[in-house]
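Note sheet for the following structure.
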Amino acid sequence: MDVAGLVTPLVRMSGITKRFGRNVVLRGVSFDVYPGEVHILAGENGAGKSTLIKVLAGVYGDWEGAIEYFGRAARPRSPVEAMRLGVSVIYQELSLVPAMSVADNIFLGRTRGRGGFVPRAEQRNKTREVLQGIGLRIEPDTPVENLPIAAQQLVEIAKALSRDARVLVMDEPTSALTAPEVDTLFSLIGKLKREGRGIVYITHKMEEIGRIGDRVTVLRDGERVGSRPARELTDAELVRWMVGRDLGPGFSPAAGSRAESPSPAAVAGEERLRLENFSVPSGQGSARLAVEGVDLELRAGEIVGLAGLQGSGVSQLLLGLFGSYGTNTGGSVYLNGRKTVIGSPQDAIRHGLALLTSDRKATGLVLCRPIQENAVLADLRRLAPGGWRAPARERAAVDALARALRLKAASLEMEAGELSGGNQQKVALAKWIQTGPRVFFLDEPTRGIDVGAKQEIYQLIHEWTAQGIAILMTSTELPELLALSDRIVVLHRGRVTAAFGRGQATAESVLAAAMGVES
Amino acid sequence: MANFLRLISTKALAGPASRAVVALLLMLIVGVIFHADGAFYRIGTHRDALRQASVPGILACGMTLVIISGGIDLAVGSMLALSAVVFAMTAVWWSWPPAAAIAVCLAIGLLCGSASGLLSARLRIQPFVATLAMMVFARGLAKTVSHGAKVATAVQNPDGTYRYVSLPPVFRWIDSRLAGDNLSAVTLIFLACFAVCWVLLARHRWGRYLYAIGGNEEAARLSGVPVAWTKTTAYAMSGLMAAIAGICQAAQEQQGDPEAGAGYELTAIAMAVIGGTALSGGRGGLGLTLLGVVTIGYLEKILSINAVPEASRLMLTGVIIVAAVLTQRRRNT
């Protein structure tokens, strides 16, 4: 669709700069949306897409630059103000109240009525109108939690439309949808375009960019790399725009690229883990599987990197292997050549598996308990076989771990929550190393950690593989993944789209596969 | 002077143990102020305070375990009554040997507690709701079993007349005083319960599981902690404590009263909370609860020697609980 320079954009952002303290997250970014277009916003994790959207939606008040909403300069101080200006955002984690009805959700915060009483009949009729407008045939009184995710998303869109949104921002809307549901969403988007609305669409998926995108803008490290009509931008170029940079500051040659010097064990290591047609349920009220048909093998002393963007299923794969979903997983898992069923985290630990979760504060550590307690938590069955604990034995074990991991803490009785991010991660790693695992799953092992601590963790990972531990790790930092992994497996929408052997992977090829480009 | 006080208060309120000690000291000071014509200084007053705090104290031991795991047990008062009634029936009316009567009561306590635990841990019903249901159910069961009347030494004959049986010696043993009338057997039983719970919490891996679950249940689960089983056994322990408390209560009152223990769950919670065990879970301990038991014990005694009416007592207890929780709130730096 051609965008002539004579038409006024619905929204024009110029020179947007946003800082968080000393951290510059957006630098002089310009972005606009014209009526009747779908403008794709693309970029790796951390490129600044979410921040840009939040600036537009009035979530942040303190940014530099200017925004024109429908030709008039404005600086909304809250999302409500931005909504009144005609911009609505549909976030990935839908902002509906599950227990309330569709009508109540749509009119949330805007219930008009005398003396605070809700005019139910009026709301119900208006809701029915809006729902009809988008082709959704459900009763306005249905509680939202009874609806499938796809329908909930459409309710969110209806909510935005009922507020006369002229610009809709959709953040990865298809991550929880099946193919026919995606079709429904796309035909609705087409209708919204014909009505002259503008859509900002954030996605990682190459096939979607080609299918509904009119224009594409790529952000990288907080800066706008470029904008192009979608038809004119090739997949390769798009990937290069997203990725083209030197290896990040967090990576040092000292850690060594494993592609050049594999550990002796990796070359001759025996098979520790093999997956055949492994699948993991989505469990979001969606019929989709989070992970589907994955074949994978992992040998002693090897590091296999799992690459994947948001929604690719890498974390779910690791959780599913660890027994977090019980026996709901599909396919077969072989440990040391023998078919095994892992039905719970306890099972997993007993079989020599360990999982460092992606969010140490939420699922990795008990923040209100001392380091000492956290470090032995996963191994109590071995440290206290009859049930009765031997505090001296535990203290000796944790002392050894603290030394091995170079943990910096005033005392091991400090609460885990008082430590820095890097030290917290070391406590979590210590907990798992204590169990003596043979296969170690690392989900984002250096997330939110300073450069120095990252180096130490890379060193530890190398040491562990030298001891014969097999490692399956994920990371959204491509340079880190490329440097650490012996082999890389790429997931896109829960399926393996590429597998790279030793030294074969490049940042572009991995990202392209992660975005679903057919190779 | 202001700086001095500020320094003292910062140090004194630094850790949960010191805060609990401060609470106890404040309570003793209050006792000195409201000494009711010197009644507070009599040795008998202190003796009684401890003895009267023992039965709720037993409940507080089990309650502490449950609260640390992130839950709450509202049913302990009712389970106490059920146990008291069953103990009186089996030991007095049916003349069972004491060991058998006690065993049955303990079994019932374990059963009710486990039921609450299963509802909460496996069926994922909120502990508040699950134990509220058990509270009502157990009370109803106690009244049904006792036909709504106190189970005492008067036994109804088939023809409607009454005969009197004597109280079995076990009642007197439990209610007896030792060490020259200064220590009651019930207090010893309380201390024994305290010791058992303390050692489980401090020295058994089950105790560590409780803290982990209360602190971060998901992290505990992913660390291989058997969450459902641990939670269930925590409630089972609470039920066991309630059963023991019921037996002591029956012995002290020389009857099994189906209305006994009403409101005791709140006293038990107050004892745990004043001691410093956080209702949010993951923090606290039995040593702290012991301080809380003594503090609340003195509170009740001070109110009683000053002849404060029942209604005012309840209001005062409510105010004190809020004050205790506020001072327990951690100062986040």
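Quick notes on this structure:
- Single residue of segment B:166-195 satisfying the filter (free of Cβ contacts under 8 Å to residues at least 12 places away in the same chain and within 30 Å of A:Ala384 (Cβ to Cβ)) that is farthest from the other protein chains (Cβ to nearest Cβ): B:Leu188
- Exclusive hit being in a helix (DSSP H, G or I), at pLDDT below 95 and of a type in the set (A, V, I, L, M, F, W, C), set A:Ala362, A:Ala410: A:Ala362
- Residues satisfying the criterion are present in segment B:220-232 (criterion: in contact (Cβ under 8 Å) with a residue 24 or more places away in the chain, more than 14 Å from chain A (Cβ to nearest Cβ) and under 16 Å from B:Met63 (Cα atoms)).
- Test for A:Ser88: is it out of contact with any Cys (no Cβ under 6 Å at 6 or more places or on another chain), farther than 30 Å from A:Gly226 by Cβ and modelled with pLDDT of 90 or more: no
- For segment A:89-112, the condition of being in the same structural domain as A:Lys49 (by TED's automatic domain parsing), more than 36 Å from the chain's Cα centre (by Cα) and not hydrophobic (A, V, I, L, M, F, W, C) holds for at least one residue.
- In segment B:74-92, the residues that are touching a residue at least 12 places away in the same chain (Cβ under 8 Å) reach residues that are of a type in the set (Asp, Glu) with C-beta atoms within less than 6 angstrom, at least six apart or across chains, in these pairs: B:Leu74/B:Glu265; B:Val76/B:Glu265; B:Gly77/B:Glu265.
- Enumerated strands (runs of 3 or more DSSP E) restricted to segment A:1-88, each holding at least 2 residues that are within 30 Å of A:Leu478 (Cα to Cα): A:11-20, A:23-33, A:38-42
- Taking the conditions (1) more than 24 Å from A:Ala513 (Cβ to Cβ); (2) not acidic (Asp, Glu); (3) not in a strand (DSSP E or B) in turn, A:Ser315 satisfies each one other than (1).
- Selection status of A:Gly308, buried (at least 19 other Cβ atoms within 10 Å of the Cβ), small (Gly, Ala, Ser) and under 22 Å from the mean Cα position of the chain (by Cα): yes
- Every listed requirement among (1) of a type in the set (A, V, I, L, M, F, W, C); (2) within 14 Å of chain B (Cβ to nearest Cβ); (3) in a loop (DSSP other than H, G, I, E, B); (4) within 24 Å of the chain's Cα centre (by Cα) is met by A:Cys368 save one, (4).
- In segment B:196-234, the residue that is farthest from A:Gly387 (Cα to Cα) out of those that are among the polar types (S, T, N, Q) and within 24 Å of the chain's Cα centre (by Cα) is B:Thr232.
- B:Ala262, sole failed condition from (1) more than 14 Å from chain A (Cβ to nearest Cβ); (2) in a helix (DSSP H, G or I): (2)
- Within segment B:278-287, tally of residues that are under 14 Å from B:Ala17 (Cα atoms) and either modelled with pLDDT under 90 or crowded, with 24+ Cβ neighbours inside 10 Å (or both): 3
- Test: residue in segment A:113-125 that is in the same structural domain as A:Glu156 (by TED's automatic domain parsing), out of contact with any helix residue (DSSP H, G or I) (no Cβ under 7 Å at 6 or more places or on another chain) and closer than 14 Å to A:Ala158 by Cα: yes
- Residue match in segment A:414-423 (condition: surrounded by fewer than 17 Cβ atoms within 10 Å (Cβ to Cβ), at the interface with another protein chain (Cβ under 9 Å from one of its Cβ atoms), among the charged types (D, E, K, R) and assigned to a helix (DSSP H, G or I)): no
- If you go through segment B:171-227 and keep only what is buried (at least 19 other Cβ atoms within 10 Å of the Cβ) and basic (Lys, Arg), you end up with B:Arg205, B:Arg208, B:Arg221.
- Total residues in segment A:322-358, condition facing chain B (nearest Cβ under 9 Å) and touching a residue at least 60 places away in the same chain (Cβ under 8 Å): 4
The values are calculated or read from the model by the stated rules, or taken from the named source; none is laboratory data. Everything quoted here is computed from the prediction, not taken from an experiment. For neighbour counting, all protein chains shown are included, and Cβ atoms are generated from backbone atoms with ideal geometry for every residue, glycine included.
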